Amino acid sequence: MKQIALDIGLHAGPSLDNFCAGPNQAALQHMALWVGTKGQAQVRSPVPTYLWGPSGSGKSHLLKAAREALRNEGARVGWLDANVLEAPEFDENWAAVLMDDVHWYNAQQQHTAFAWFVAAQTHQRAVLAAGEFAPVELKLREDLRTRMGWGHVFSLQPLTEPERRAVLRQAADARGVFLSDDVMDYMLTRFSRDLGSLMELLDLLDGYALQTQRAITIPLIKSMMEDA
């Protein structure tokens, strides 16, 4: 299984183009306006945007898509999530501040997030944040919690099973991989059903199939799990 990791990451990363909106069309449209036209300088509104919803609803996908879009413009951004233990000071050269999984922030991360938020407003920089709960339900310090909720707020919903199947099928087709209905059923009943986990599973299956020169079948999935 160690060699399989070499095949992971060859497909395109999160982008607005490969985000399956489903019931989240309003959020996608807002993010398309936020990102702006490719290749053109974009002055983004300093009014913050907050995305919230359960795991698997696409929050992190949209944040990472926005980060990648800004990087493609040559812009620098501040990024903070619950895994960042030593965050830098706010940089005036940042085009935007992006904060993911804010519901997990510890006291120090909340302090950093608030400082970045204030500095971003002072310097008229965009703020994009995401968490699992609505702003009123966030267990954060009050001054940070209220700032999460005073701008654009979008509630995201996970995709339905037919929508998840459609996304898997599209992702598999993009890799030149065939997924039978039986394989799809097996993936959706035996593994985590959130879209992020399913896409990671598809990455592993694609890599294992290439390594073993076999088609993706239920026996191949079982073999991969036995070799893990």
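Placing +1 at every Lys and Arg Cβ and -1 at every Asp and Glu Cβ, with all other atoms neutral, what dipole size does the stretch 22-155 have around its Cα centre, in debye to the nearest 20?
Details: 12 positive and 13 negative charges, 68 e Å.
With only Lys, Arg, Asp and Glu charged at Cβ, the dipole is about 320 debye.
With charges set only on the Cβ (+1 for Lys and Arg, -1 for Asp and Glu), what does the dipole of the chain come to about its Cα centre, in debye to the nearest 20? Walk me through the numbers on the way to the answer.
Values: 21 positive and 27 negative charges, 70 e Å.
Value, rounded to 20: 340 debye.
Report ³J(HN,Hα) in whole Hz for each residue of the stretch 153-167, in order, from the Karplus equation J = 6.51 cos²θ - 1.76 cosθ + 1.60 where θ = phi - 60°; Gly and Pro get x.
10, 10, 8, 9, 10, x, 5, 6, 4, x, 5, 4, 4, 5, 5
For the chain, what does the helix formula give at 222 nm: sum of -39500 (n - 2.57) over DSSP H segments with n ≥ 4, over the residue count, nearest 500 deg cm²/dmol?
Working: 8 runs with 102 residues, N = 228.
Computed mean residue ellipticity for the chain: -14000 deg cm²/dmol.
Kindly put Thr122, Thr217 in sequence by how many other C-beta atoms sit within 10 Å of each C-beta, fewest to most. Write down the numbers at each step before the final one.
Values: Thr122 11, Thr217 17.
Going from least to most buried by this count: Thr122, Thr217.
Where in the chain lies the longest segment free of chymotrypsin sites (Phe, Trp or Tyr not before Pro) that are both loop residues by DSSP (not H, G, I, E, B) and have at most 14 other Cβ atoms within 10 Å?
Details: sites that count: Trp150, Phe178, Phe191.
With chymotrypsin sites (Phe, Trp or Tyr not before Pro) excluded where exposed in loops, the chain gives 1-149 as its longest stretch.
Values quoted throughout were computed directly from the atomic coordinates according to the rules given, and no laboratory measurement underlies them. All values derive from a computational prediction rather than experimental measurement. Quick reminder, even Gly has a Cβ in these numbers, built from the backbone with ideal geometry, and neighbours come from all protein chains shown.
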